[in-house]
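Please treat every number below as a calculation from the coordinates, not as lab data. The structure presented is a predicted model; accordingly, all values stated were derived computationally and were not measured. Cβ placement follows ideal geometry from the backbone for every residue including glycine, while neighbour counts extend to all protein chains displayed.
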Amino acid sequence: MTKILLSQDINPKARKLLDEKFEVFLPKNTAQESLVEAAKEAEGIVLRTVTSATKEVIDNAPKLKIISRTGAGVDNVDIEAASARKILVCNVPTASNISVAEHTCAMILSLAKDLRRMDKSLRRGNWKERNNSRPIDVCGKVLGIVGMGKIGSLVAKKAHLGLDMKIIAFDPFSAGNFKDEGYVFVSTLAELFQTADFITIHCPNMPETNGMINKELIDLMKPSAYLVNCARGGVVVEEALYDALKDNKIAGAGIDVFSKEPPSANTGLLILDNIIATPHSAALTKEASERVAIGAAQAVIDYFSGKTPEFVYNKDRIFKS
């Protein structure tokens, strides 16, 4: 029977789909070396976020034919190594869009309404904190969106139509898709960072974007502005963001992703009061967790049934003419 390795267990409905057709097994634990060892017997891997399908994993898996991600991001897969072996890398690029967009909007509103500070103050018996006038309205504020793909554009729609925010965006590849939406596209990130009251990041972590949000850009932000990152930690230079927050050069930040995950408890960003942090959980709602797991499982089922999965990330490299 075909052997499918789960890097971690998945949603029960998705697990049932796999158990009905394959011999499903897990590594001893979530350590990277355990995945390397378990991969020896795997013909398919369903990969979650904690571990990575590195070149070492792929080289140690002579029977491997497909790696299926339970999510949109594939930055924990060595695409080059997989493609060289003609191993399909599949993802589920749309299943968590709503969840991440809602999480982003929740962070924007939480920062604007100063909910973290208000909650802590009330629990300490400080009722008078209600009079500090720190909260602000988002209506009429400028939301700058870096990356207008599926999630970024959904955030734009929710913020513009639902919260009456003005949208400016930076995305050289998508500007022509939004001619009738009332959004303003800027030609440089510098212009966006200088202008926006809130900035939200929605682009993958690739060589072209790694460290893209750097000190120079953060220094351009208004003192009253906020930065939200529910995309990938590596896109933002965390040291630069920490310095800006520590010195109150910007008003605050909402961070769901970190350059190293999980971050250590004494990570600089986590000790600051003007940040809201969540554990890379924007896509992990009950509904999205089920959708991405079933999507990843279905890709494996399709492949071993002789079908081409719906979403093959390295399709151009695998099916070259």
Under 20 Å Cα-Cα from LYS307, which aspartates and glutamates qualify once same-chain neighbours fewer than 8 residues away are excluded?
ASP19, GLU20, GLU23, GLU43, ASP316
Which aspartates and glutamates have a Cα less than 20 Å from the Cα of LYS246, not counting those fewer than 8 places away in the same chain?
ASP114, ASP197, GLU216, ASP219, GLU238, ASP256, ASP273
For region 18-47 and region 253-270, compute the distance between their C-alpha centroids and round to whole Å.
28 Å
Can you flag which of LYS21/LYS55; LYS215/LYS249; LYS16/LYS65; LYS150/LYS222 are past 23 Å Cα-Cα?
LYS21/LYS55; LYS150/LYS222
Placing each pseudo-label 7 Å from Cα in the direction of the beta carbon, HIS160 and LYS40 end up separated by a distance in nanometres of 5.5 nm
Span from the region 99-121 Cα centroid across to the region 139-171 one, whole angstrom
16 Å
Based on the Cβ-Cβ distance of ASN60 and SER174, what FRET efficiency does E = 1/(1 + (r/R0)^6) give at R0 = 30 Å, to the nearest 0.05?
0.15
